[in-house]
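The structure under discussion appears below in the form of structure tokens.
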Amino acid sequence: VLAERNRLDTAGILAFYDFDSRRIVARSNAPTDAALSVSLRVTIVHELTHTMQDQRLDIRRLEKSAADAQAQDAITSLMEGHAVDIENKYVDSLSDVDRATYDKETTSTGQTIGNKVGDVAPVTSVALDAPYIFGPGLPN
């Protein structure tokens with residue numbers, strides 16, 4: 001199960017905010033740092049939201065103060081829900097050209113990820129995906 005989870009993470013994560021180092025880590029195939037794809041820009045907006053959350057709320061301290069795993073899951077869902085809401089607002093603000101490019105890139109990325117991890121049991125991604133799916137419906 002851990003090996004399958006690692007495959008999912010490796011295939012699907014463009015960027016993440018490291019709460020310990022307080023840095024965003026991103027990967028890109030762009031020829032220069034200045035040439036970020038639209039989908040990576042959208043992901044960076046999501047991760048920048050986490051930097052703001054961490055600056056305002058000290059997320060690691062908040063998670064450590066959680067009474068149990070359910071409370072930690074609730075914190076994660078609120079955090080990811082907020083970041084997804086901001087990400088969606090950014091996507092809505094894109095020009096028509098950038099929006100079409102974003103849609104094309106996300107479709108292509110989805111197909112690439114599916115090819116890499118299509119044989120991974122779907123239940124493996126439930127815990128990973130749940131905060132991104134259910135979090136945006138929570139008030140933030």
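Derivation of every value follows stated rules applied to the coordinates shown; laboratory data play no part. These figures come from a predicted structure and were not determined experimentally. With ideal geometry, Cβ positions are generated from the backbone for all residues, glycine too; neighbour counts draw on all protein chains shown.
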What ranking do 56-62, 91-97, 44-50 get when scored by the average of other Cβ atoms within 10 Å per residue, highest first?
44-50, 56-62, 91-97
Using a Förster radius of 22 Å, what is the FRET efficiency between Asp68 and Leu2 based on their Cβ-Cβ separation? Nearest 0.05, please.
0.50
Phi to ³J(HN,Hα) by Karplus 6.51 cos²θ - 1.76 cosθ + 1.60 over region 118-126, Hz, x for Gly, Pro
x, 8, 6, 4, x, 4, 5, 8, 4
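Give the peptides 64-75, 98-109 in descending order of average Cβ contacts within 10 Å, highest first.
Numbers: 64-75: 11.7, 98-109: 13.7.
The densest-packed peptide leads the list: 98-109, 64-75.
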Label region 74-140 by shape, choosing from rounded, prolate and oblate, from the square roots a ≥ b ≥ c of the eigenvalues of the Cα gyration tensor; if a/c is under 1.5 it is rounded, and otherwise prolate applies when a/b is larger than b/c, oblate when it is not.
oblate
